[in-house]
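Take a look at the structure below.
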Amino acid sequence: MSARIARLVPVLLLLSLLAACKAEVVCTTQQVTCGGQCTSLASDPANCGTCGRTCAAGESCALGLCCTGENCFPAVYAACFNTDSVQGASSLLVPVGAPVAVDDGPISFAWRGPSLWVANSLSSTLDSMKETPVGLQIGGTPSKVKIDGTKFDLEYVAERDALLYVSNAAVGSLVIIDPVATPPVLAEVPFGGFSFPQGIAFSGNKAYVALNGFGFNSVAVVDLVTRTLTKTIDLSGLVAPGANALPARMVVYGNRLYVTLWNLDANYFPAGNGLLAVVDTSTDRLAPAPNPIDLGVSCKNPGGIALLGGTAWVTCGFFAFTATNPAEIEGAAFVPVDVSGAIPAVGPAALATGTAPGPIVFCNGKGYAGDRFSGDVLRFDPTTMSITARGLVCPAIAGMSSYIPDLACAQ
Amino acid sequence: MRLAPARTVLAALAVTWGRMALGAGDPPPVVLDEVVIPLPRAPAPQDPTAAATVVEAERFAGELKGVAELAATAPGVSVRSYGGLGQMSTLSIRGSNAAGVRVLLDGIPLDTAAGGGVDLSTIPLHWVDRVEVVRGAEGAYFGAGALGGAVNVVTLPAVAGKWGAELTGGSFGTVSAVADAGVGGDRWALLLAATGSSTTGDFPFLTPISPSVPQSPLVEQIRQNDAAAQGGLLVKGRFTPGPDRVDGVAQLSWGWRQLPGVPSAPTPDDWQRGGRASGALRWSRPLASGFTVEAIASGRYEVLDVYAAPPGGGATDQRDAAGGAEARATWEAGPSLLKAGALASLERLDSTASGDHRRPTLAAWVADDLTLGEDAVRISPAVRVDAVGPYVGTSAKLGGAARVSGPWSIRASAGRSFRPPSFSELYLVQGPFEPNPDLRPEVAWSVDGALVYDGPLGRASAGGFGVLWDDLIVYEAGRVPGTFKPQNTLRASSAGLEVELVTAAARSLWGLQGQLSYTFLATEVLRGVPGVVGNALPQRPRNRAFARASIDPGPAGAHLEAQYVGLQYLDSRNIHSAPASLVVNAGAFARILRSPEVRIAAEVKNLLDDRTLQDGFGYPLPSRTVLVTVSVGSPPENSP
C-alpha cells in the first residue's frame, strides 16, 4: 500500500461514517425501523410483531399480534399462579400479548389508579404493572414492594384510598401499604397465627377480613383510621356441628357484608352446601335470618363472589386433592343471589359442569371466572345464565397443574 | 498415621466402628491404638485422602455442646437449627440438603428411609467422643446418600478402669447428668454410660411487633412450649480371645420435646416423642499376614410420634426398623492396603403419613490405599455399587495426597454419589402433598483440593471445592391445582473455599491454643422452574466462620469462641434474607482435685445476649445461657 493510499483510508472511513449518520433514522422509544421507516411493531399491520410480518386482509395488529375484532384487546387479566405470570385475554378468551413475568405465585389483583398490582403469594411481594401501547408491562414507581418475613403466604390484595391492603397468611395479619411511601409498608394488624386471612372488603372506615383458619371461622373488623382490630365476628355457629365455616371472599352491598363460606369438614371435604353469611355493617353483627344463605345443592365450596348491580354472583366447585379428572368436580355452578331487597333471594344456579369456577369479575357487563382446575377462563353471560366462551389463558408447565386464583378487568 | 502425623499431645485408646485397617505392625484392623490430640485432626479414618475434620469432644468438656455444635466447628458445615437445646438440628455440607448428609453413630447409619436428614439432637450429648466430618461426594465410602458428605459420631470408648460423672445446671431450667464406667481386663473391656438432660427452654427473645413492617419495634417475649427432655443408655464392649476380636455396642435413647412454632404462629400444644434402639456386633480375625476379615451385624429400631393440636392438626406415628449384615476384608500387600466388602440390609418404615413400606439394600465396594515413595504420595481409589430397592447406582471416589516439602503437602479428590428417593418423596400422601413413585435418584459430583500444613506450628489447610448437584428433588406444583408433588427438577452447583487452622504453637503462653475455620460457599441454581435459575440456593449462608482461643496453664483454663454466620436467603427467589449473626461463647474451668479428678466449669453461651438471634426458618435461638458443670472421674492417663 503506497503512502498516498494509506493517507486516504482514514478520510474514506470518515466519509463513510458521515454517510451512515446521514442515513440513520431516529425513532421514538416505542418504535423501530423497518425498511428504513419508523414503525410500531405493536400496531403496524405491515410489520406486526416483527419487521415484514403482514397481517391478512381484515386483520388488525394489536400488541404485536394479528387479530380481528374483540381479540385485538385484552378484556381481562389472569393471575397464572404456577407459571408466575400475568396473562391478558380478549373477551373471546384468546391470550393477548405476551405473559408478564412476576414474582412467585401471583394470587390476587388490585387496581390502584393506572397501576395493576398483583400480590405474589410465595415470594411475599407485590408487582406493579401498567397498560401500555405494547401491552401490560411491569412499571410504576416503585414497581415492586416486599413484605418482610421468614415465611411467605400472601392471599389477597385490595385497594382503598390509594392504599393497598394485603392479607398475609404467613403471619396472620393485614398489611397496609402505601406504594409511594418510604418505606411502603406502613402498618400491620395482627389476627393471630394460623388465622389465615383471605378476602378483604370495605365499608365506611372499616375493613373486613375473612379469617379462614381452622378454629377462627370469623370476620375481623379493622378500623382504617386507627389501624387496629376492633372486633371479630364469629361465623362458626352458622355451620353444622363438626363443620368449619371457612370464610373466603366478601362483597359489601348497602349495609350488608356477604361472606362466602366453604363449609368443609375436618378433612377438607364438603360438609354441606355452600353458604353465604350476612353481616350487618352498621352493627358488625350477624344479620337476622335467613343467615346463612344456603346456596343450594348445586353449590359446593364457593370460591368467588362479585356484584353486578343488585345481584351477588357466587362461583362454586369442589374437587379433592386426589382428583385427576374434571368429572370429579362436584357442585360447580354460578349462583345468583339477589341482595337488592330486604331479604336475599337465591336464584336458580347456572351449572358449570366439568369446571371449578373460582375468581369472578364483571367487565363491561360480561362475567369472567377463572377455572381453578384447568387454567381456563370462562366467560359467563349473566343474562342467559350460560357460559359463552372458554379459553386456555394460563397453560400449565408440563407435568404440573395450572391454577387461576384471580382475575382483573382491563382498563 | 501414614501421612504427616499430627503431633501427639495426649494418648488414649479409641475404638471406632467403620474404621479401616492400617498398616503392618499395627494391631488388628479394628484395634487402633491411635494418638489423640486435643485439636481437630485429619484425615478421616474411612477415607484417607478426604477433606475431613475430626472434632474431639474432650476439647469442649463442660460446655454442653451437641453433635451439631461440634460439627459446626469444622469448615464446610452449616447447621440448621430449629431452636435451642433439645430442638431439632440438621446439617448441610457444602450446600447439600440435610438428606444429602450421611450420619452414622458408631458406624450405624441413622438415616431412615423417611428422608429429610437426621435430627442430630436425638444423639445424647454425653455419648460423643468425637465427630468425624468428611466433606465431598462420599458414597464410595459411606454408601448411597452421602452427596455432600458424611458425619460419623463416635461414642465414648470402653476403657477398663476409666469412670466419670458429670452434673450440669443452668439457665432456663437446664439440667444434665451423665455417669459412665469402664471395667475389664487384659482381653476385654466394657463401658456402661447413662445420660439424661432436660430444659424448660423458656428463654427471652426479641421479636418484631409487626413482622411485615421494616424496622418494626421489637417486643420481648418468653419462649413458650419449648421444653425438652432426653435420656440414654450406652453399653459398649470388646473381647479379644486370642487372635479374634469381638466388639459390641448397644444404644438406647428416648426423648420428648415440645414444638413451639415460630413467634408469629406459635403452636402451644404441639409436641413429639421418640426413641431409638440400635446395636452392632463385630467380629474380626487376622487370617494371614496382612489379611484380615470382619463380619458385622447391626440393627436399629426407631419410634417417632408427632402431635399437632387441633384445629387443623393431627397425629403422625412412625416406626422404622432396619437390620443388616456386612462382611469386610482387608489385605495389605506392599504399598497397597486393599479393602473390600459387601452388605445386605432391610428397612421397614411404617408411617401413618406414607404407609407401610420395605426396602432392601445390597452393596459391594472395593477401595485401595496406595502409599508410594516412602509415604510421599498416597492414592486412594474407591468404588461402590448400591442397590437400594429398585435404585441401583455407583459411587466412586479418587483421592490423592502428596508431600511437597517438609510439613507441606497437597491433597485432592473427586467423587460421585447418589441418593435414592425417600419413602416420603415416593409415598407421602398428606393434605396437598402428592407422592411421586417415578422419581429418580439425586446425584452429586464433587471435586476438591487443598494445601495442607501439618507441622510444629500446628495444622492448617486451605482449599477449594466444587459440587454439581443434579436431579435434586423439590416440591413443585402437582397435577391437581393446589397440590405439590416432588420432582427431579433442580440442578445446582456449589463452589467455595474452606480454610482450617489449629495451632498450639504458643503453648508456652499458658497453654494457648487457637482454632479458626472459615467457609465461603457460593451456590447457583442451574436448572429449575422459571425465576429461580441463576439464584443462590436458600438457607445456604455465603460466609461462615468459627474461631476459638483457649488457655490451659494448669489447674485452671478458659476459652473464648465466636461463630459467625453470614447473610442467607430464605426463599428460592432470593428476595428475602436473614441477616448475619455473631454468637460469642466463653467459659472457664478449675481443676479442684487431680485424683480423682474433680473439675468445675462454667460456660456462657451467647455472651453478648443477642436476643434477636434466629435460625433460617424464623425460630428464635436462646439468649445468654449460663451453665455450670461439676465433674468427677478417674485421673487422666498422663497425670503425674
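Per-structure values
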{"item": "Residues of region B:280-317 that turn out to be surrounded by 19 or more Cβ atoms within 10 Å (Cβ to Cβ) and among the small types (Gly, Ala, Ser), as a count", "result": "3"}
{"item": "Residue under evaluation B:THR8, criteria (1) at pLDDT 90 or above; (2) part of a loop (DSSP other than H, G, I, E, B), criterion not met", "result": "(1)"}
{"item": "Any hit, region B:390-404, residues being more than 14 Å from every other protein chain (Cβ to nearest Cβ), over 23 Å from B:ALA150 (Cα atoms), in contact (Cβ under 8 Å) with a residue 60 or more places away in the chain and not in a strand (DSSP E or B)", "result": "no"}
{"item": "Qualifying residue in region B:363-373 (condition: within 30 Å of B:GLY400 (Cα to Cα), touching a residue at least 24 places away in the same chain (Cβ under 8 Å) and of a type in the set (S, T, N, Q))", "result": "yes"}
{"item": "Per-region count, region B:590-622, residues in contact (Cβ under 8 Å) with a residue 24 or more places away in the chain and out of contact with any strand residue (DSSP E or B) (no Cβ under 9 Å at 6 or more places or on another chain)", "result": "2"}
{"item": "Output for region A:376-411, where each listed residue is closer than 15 Å to A:ALA89 by Cβ, at pLDDT below 90 and buried (at least 17 other Cβ atoms within 10 Å of the Cβ)", "result": "A:SER402"}
{"item": "Scope region A:334-374; condition on the phi > 0 side of the Ramachandran plot and under 20 Å from the mean Cα position of the chain (by Cα); matching residues", "result": "A:ASN364, A:GLY365"}
{"item": "Identity of the residue in region B:192-215, of a type in the set (Val, Ile, Thr) and touching a Pro at 6+ places or on another chain (Cβ under 7 Å), that ends up farthest from A:VAL175 (Cα to Cα)", "result": "B:THR195"}
{"item": "Residue under evaluation B:PRO420, criteria (1) out of contact with any Pro (no Cβ under 6 Å at 6 or more places or on another chain); (2) under 18 Å from B:PRO437 (Cβ atoms), criterion not met", "result": "(1)"}
{"item": "Count - residues of region A:164-175 that are facing chain B (nearest Cβ under 9 Å) and assigned to a strand (DSSP E or B)", "result": "4"}
{"item": "Criterion violated by A:THR260 - all others in (1) in a loop (DSSP other than H, G, I, E, B); (2) closer than 28 Å to A:ASP376 by Cβ; (3) among the hydroxyl-bearing types (Ser, Thr, Tyr); (4) at pLDDT 95 or above satisfied", "result": "(1)"}
{"item": "Single match in A:ALA207, A:ALA187 (criterion: within 14 Å of chain B (Cβ to nearest Cβ), within 24 Å of the chain's Cα centre (by Cα), surrounded by fewer than 24 Cβ atoms within 10 Å (Cβ to Cβ) and of a type in the set (Gly, Ala, Ser))", "result": "A:ALA187"}
{"item": "Segments classed as strands (runs of 3 or more DSSP E), wholly inside region A:58-160, with at least 2 members that are away from every other protein chain (no Cβ under 14 Å) and of a type in the set (S, T, N, Q)", "result": "A:125-132"}
{"item": "Checklist (1) part of a strand (DSSP E or B); (2) more than 22 Å from B:THR207 (Cβ to Cβ) applied to B:VAL583, failing item", "result": "(2)"}
{"item": "Single unsatisfied condition, B:PRO214 versus (1) in a loop (DSSP other than H, G, I, E, B); (2) within 30 Å of B:TRP256 (Cβ to Cβ)", "result": "(2)"}
{"item": "Failed item, numbered, when B:GLY261 is tested on (1) within 29 Å of the chain's Cα centre (by Cα); (2) more than 14 Å from chain A (Cβ to nearest Cβ); (3) modelled with pLDDT under 95", "result": "(2)"}
{"item": "Test for B:THR207: is it within 14 Å of chain A (Cβ to nearest Cβ), of a type in the set (Val, Ile, Thr) and part of a strand (DSSP E or B)", "result": "yes"}
{"item": "Meets criteria (within 28 Å of the chain's Cα centre (by Cα) and more than 28 Å from B:ASP270 (Cβ to Cβ)) for B:THR316", "result": "no"}
{"item": "Selection within region A:302-322 - within 14 Å of chain B (Cβ to nearest Cβ), in contact (Cβ under 8 Å) with a residue 40 or more places away in the chain and not aromatic (Phe, Trp, Tyr)", "result": "A:GLY303, A:GLY317, A:ALA320"}
{"item": "Test: residue in region B:600-623 that is out of contact with any Phe, Trp or Tyr (no Cβ under 9 Å at 6 or more places or on another chain), of a type in the set (D, E, K, R) and assigned to a loop (DSSP other than H, G, I, E, B)", "result": "yes"}
{"item": "Pairs, first charged (D, E, K, R) in region A:29-52, second not in a loop (DSSP other than H, G, I, E, B), C-beta under 7 Å, six or more apart", "result": "A:ASP44/A:CYS61"}
{"item": "Output for region B:350-379, where each listed residue is of a type in the set (S, T, N, Q), crowded, with 19+ Cβ neighbours inside 10 Å and modelled with pLDDT under 95", "result": "B:SER351, B:SER354, B:THR371"}
{"item": "Qualifying residue in region B:623-637 (condition: farther than 23 Å from B:ILE222 by Cα and without any contact (Cβ under 8 Å) to a residue 60 or more places away in the chain)", "result": "yes"}
{"item": "Scope region B:485-533; condition over 23 Å from B:ALA137 (Cα atoms), within 14 Å of chain A (Cβ to nearest Cβ) and surrounded by fewer than 17 Cβ atoms within 10 Å (Cβ to Cβ); matching residues", "result": "B:PRO530, B:VAL533"}
{"item": "Number of the exception - A:ILE387 against (1) within 14 Å of chain B (Cβ to nearest Cβ); (2) over 19 Å from A:GLY274 (Cα atoms); (3) among the aliphatic types (A, V, I, L, M)", "result": "(1)"}
{"item": "Of all residues in region B:60-118 being among the polar types (S, T, N, Q) and in a loop (DSSP other than H, G, I, E, B), the one that is farthest from B:ASP270 (Cα to Cα)", "result": "B:THR73"}
{"item": "Qualifying residues in region B:449-479 (those that are outside any strand (DSSP E or B) and surrounded by fewer than 21 Cβ atoms within 10 Å (Cβ to Cβ)) - the one nearest to the other protein chains (Cβ to nearest Cβ)", "result": "B:ARG479"}
{"item": "Residues being under 21 Å from the mean Cα position of the chain (by Cα) and more than 30 Å from A:ALA101 (Cα to Cα) - total across region B:521-565", "result": "11"}
{"item": "Any hit, region A:60-78, residues being out of contact with any Lys or Arg (no Cβ under 8 Å at 6 or more places or on another chain), more than 30 Å from A:ILE397 (Cβ to Cβ), exposed (fewer than 10 other Cβ atoms within 10 Å of the Cβ) and modelled with pLDDT under 80", "result": "no"}
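A quick yes/no check of all residues on (1) buried (at least 16 other Cβ atoms within 10 Å of the Cβ); (2) closer than 30 Å to B:ILE108 by Cβ; (3) out of contact with any Leu (no Cβ under 8 Å at 6 or more places or on another chain):
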position: B:ALA193; (1), (2), (3): yes, yes, no
position: B:GLY196; (1), (2), (3): yes, yes, yes
position: B:LEU206; (1), (2), (3): yes, no, no
position: B:VAL213; (1), (2), (3): yes, no, no
position: B:GLU220; (1), (2), (3): no, no, no
position: B:PRO241; (1), (2), (3): no, yes, yes
position: B:VAL249; (1), (2), (3): yes, yes, no
position: B:ARG257; (1), (2), (3): yes, yes, yes
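The values are calculated or read from the model by the stated rules, or taken from the named source; none is laboratory data. Just so it is clear, the structure is predicted and the values come from calculations on it, not from any experiment. Note: ideal-geometry Cβ built from the backbone for every residue, glycine included; neighbour counts use all protein chains shown.
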